[in-house]
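Notes follow the structure.
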Amino acid sequence: MTPDLTLRGFQIYERFLNADAQQKLVERLRKTAARTPPFQPVLPSGRRMSVRMTSFGRLGWVADTKGYRYAAHHPNGAPWPAIPDEVLEIWDAVSGVSRAPDCCLMNYYAEDTKMGMHQDRDEGEFQWPVVSVSLGDDALFRMGNVTRGGSTESIWLRSGDVVVMGGDARLAYHGVDRIAFGTSPLLAKGGRLNLTLRVVAPTFQPTS
Ligand code: SIN
Ligand code: MN
């Protein structure tokens, strides 16, 4: 597949999922995460993250007062559910690699939630792309450089959009400045879901 646009190496597929597919996917995610509900981590700094998160797959990305890491279980002790097939189909269509992702992180952005500029670099191997799926309210996504600082470029991501961060963009800084609350009817309470699919090093063994 060819992206609709590429900005700084970030490949953007606009409205990859139509309204019907978005609705079905949200319902599937909701049911699949019933025993592993989104939680709001408290960081080593004592600050509470503004997003609520949960994961699907062999490994889940967690944050708590000990820091960030991949773990085999939800903080409530339950194993992460498998990544839904609908999500794996998106990965297969756009990632360009035959290796399946190990983790699908799901972040929920309520009104006034943002995500500071960061790199995705807890995976151990960076030759695999990261695939991100937007569902719900519009989000102002900012793309930077492989080192902190410098010029940035922003784009509004809309429900159903898919972004692939591979090649030069794999370790590029990125973040979400804000969401435009109430711009999408997809989620009953408003807000935005973002799915981030990642390969973690195949030999990676979680410690918790
Ligand atoms: C992230 O990079 O962690 C999330 C990106 C997004 O929400 O679009
Ligand atoms: Mn990220």
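The values are calculated or read from the model by the stated rules, or taken from the named source; none is laboratory data. In this text, all values refer to a predicted model and were calculated from it rather than measured experimentally. Cβ coordinates were reconstructed from backbone atoms using ideal geometry, including for glycine residues, and neighbour counts include every protein chain displayed. Surface areas here come from the heavy atoms of the whole protein model, side chains and all, with no ligands, DNA or RNA. Shrake-Rupley method; radii C 1.70, N 1.55, O 1.52, S 1.80 Å.
Only residues that are open to solvent by less than 60 Å² (accessible area, probe 1.4 Å) and part of a loop (DSSP other than H, G, I, E, B): list them for the range 39-59, please.
Within the range 39-59, Gln40, Pro41, Leu43, Gly46, Met49, Ser50, Val51, Leu59 meet the criteria.
Do we have Ala188 as assigned to a loop (DSSP other than H, G, I, E, B) and within 11 Å of ligand 1 (Cβ to nearest atom) here?
No; evaluated as a whole, the condition is false for this residue.
Which one is surrounded by the fewest Cβ atoms within 10 Å (Cβ to Cβ), of the residues in the range 120-150 that are within 12 Å of ligand 2 (Cβ to nearest atom) and acidic (Asp, Glu)?
My answer is Asp122.
State all residues of the range 98-119 that are more than 17 Å from Arg47 (Cα to Cα), within 15 Å of ligand 2 (Cβ to nearest atom) and either among the aliphatic types (A, V, I, L, M) or modelled with pLDDT under 95 (or both); if no residue qualifies, say none.
Across the range 98-119, the qualifying residues are Leu105, Met106.
I'd like the full set of residues that are hydroxyl-bearing (Ser, Thr, Tyr), part of a loop (DSSP other than H, G, I, E, B) and free of Cβ contacts under 8 Å to residues at least 60 places away in the same chain, limited to the range 129-162. So that I can check it myself, show each step before the final result.
Restricting attention to the range 129-162, the residues satisfying the condition of being hydroxyl-bearing (Ser, Thr, Tyr) are 132, 134, 147, 151-152, 154, 159.
Applying the additional criterion that residues be part of a loop (DSSP other than H, G, I, E, B) yields 147, 151-152, 159.
Those that are hydroxyl-bearing (Ser, Thr, Tyr), part of a loop (DSSP other than H, G, I, E, B) and free of Cβ contacts under 8 Å to residues at least 60 places away in the same chain: Thr147, Ser151, Thr152.
Within the group Ala172, Ala188, Ala201, which residue is touching a residue at least 12 places away in the same chain (Cβ under 8 Å) and under 23 Å from Ser50 (Cβ atoms)? Walk me through it before giving the result.
On the way: Ala188 fails: touching a residue at least 12 places away in the same chain (Cβ under 8 Å); Ala201 fails: under 23 Å from Ser50 (Cβ atoms).
Of the residues listed, the single one that is touching a residue at least 12 places away in the same chain (Cβ under 8 Å) and under 23 Å from Ser50 (Cβ atoms) is Ala172.
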